[in-house]
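The values are calculated or read from the model by the stated rules, or taken from the named source; none is laboratory data. Predicted model, so just to flag it, every value in this text is computed and none were measured. Here the Cβ positions follow ideal geometry from the backbone for every residue, glycine too, while neighbour counts run over all protein chains shown.
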Amino acid sequence: MDQATNDALLDACSTGKLDEVKRMLEEGADPNCMNGDGRTGLMRASKRGYDEIVRRLLEAGADVKARDNNDDTALMGAAKHGHNYICRMLIDAGVDVNAQDHNGRTALMRAAFQGESGVVETLVESGAELDITDNKGRTALMESVTAFKVDVIHYLLSKGADINKRDKEGCTCLMRASYGGYTDLAIYLLNRGADRTVADNAGRTALDYVRDKGNEELINLLK
């Protein structure tokens, strides 16, 4: 099939034109064609939540494990944007739930940062590793703490995520919560076993991360 048809398929996948996708696939368009960035129709449709297009592409043989030039997968896009049903379809089709992009980030990290609790649960139930780290040593739990996504934090800890894991700078979840001034979250983390005495690579503890020196409640908690 010529490149113009494949380009048209990619555009139809991006804009949700199901009838056009069906027609072009029936006429022999390549379900694995990609643009210059290496993105496929499956990646585009998954990111935008077009579940029926995703289904048609998978039925036509779209490669669920394909990666673009940044090593992104269709699952990463679906997870980031909260398309849980599509995530389940991709998982059922054999996607690697622990695939990492060029920054080492996983679908779980993306969903955790966005607070997509339903997707987070789906990924964990499907084998996503809780404490896998990106290139900076950060975990999904750290991402959810940074973004103050409380439901995700509670869930990941209930599943056994390492509350005292340190990134490559030695920073912990408690330090992140302290830096953000999230007093209630800091209390919760301490009650769940966060260690206030841990120091980062520069010798700073969670107490040193408190930006608002007027936050006496948080400061007293961390002393």
Give the residues of the stretch 36-59 that are in contact with an Asp or Glu (Cβ under 8 Å, 6 or more places away or on another chain) and surrounded by fewer than 19 Cβ atoms within 10 Å (Cβ to Cβ), sorted by residue number. Asp37, Gly38
Is there a residue being within 11 Å of the chain's Cα centre (by Cα), of a type in the set (A, V, I, L, M, F, W, C) and either modelled with pLDDT of 95 or more or not in a helix (DSSP H, G or I) (or both) anywhere in the stretch 122-134? yes
Which one of the conditions (1) surrounded by fewer than 17 Cβ atoms within 10 Å (Cβ to Cβ); (2) in contact (Cβ under 8 Å) with a residue 24 or more places away in the chain; (3) outside any loop (DSSP other than H, G, I, E, B) does Gly160 fail to meet, given that it meets all the rest? (3)
Matching entry among Arg176, Arg138 (being outside the structural domain of Asn103 (by TED's automatic domain parsing), of a type in the set (Lys, Arg) and more than 11 Å from Leu108 (Cβ to Cβ)): Arg176
Could you tell me how many of the residues in the stretch 126-154 are of a type outside the set (Lys, Arg) and surrounded by fewer than 19 Cβ atoms within 10 Å (Cβ to Cβ)? 14
Which of the residues spanning the stretch 28-82 are polar (S, T, N, Q) and within 15 Å of the chain's Cα centre (by Cα)? Ser46, Asn70, Thr73
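Conditions (1) surrounded by fewer than 21 Cβ atoms within 10 Å (Cβ to Cβ); (2) without any contact (Cβ under 8 Å) to a residue 60 or more places away in the chain; (3) among the β-branched types (Val, Ile, Thr), marked per residue:
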site: Met76; (1), (2), (3): no, yes, no
site: Ala79; (1), (2), (3): no, yes, no
site: Val97; (1), (2), (3): no, yes, yes
site: Asp101; (1), (2), (3): yes, yes, no
Conditions: (1) over 30 Å from Gly94 (Cβ atoms); (2) surrounded by fewer than 18 Cβ atoms within 10 Å (Cβ to Cβ). Ala177 meets all but one. Number of the miss? (2)
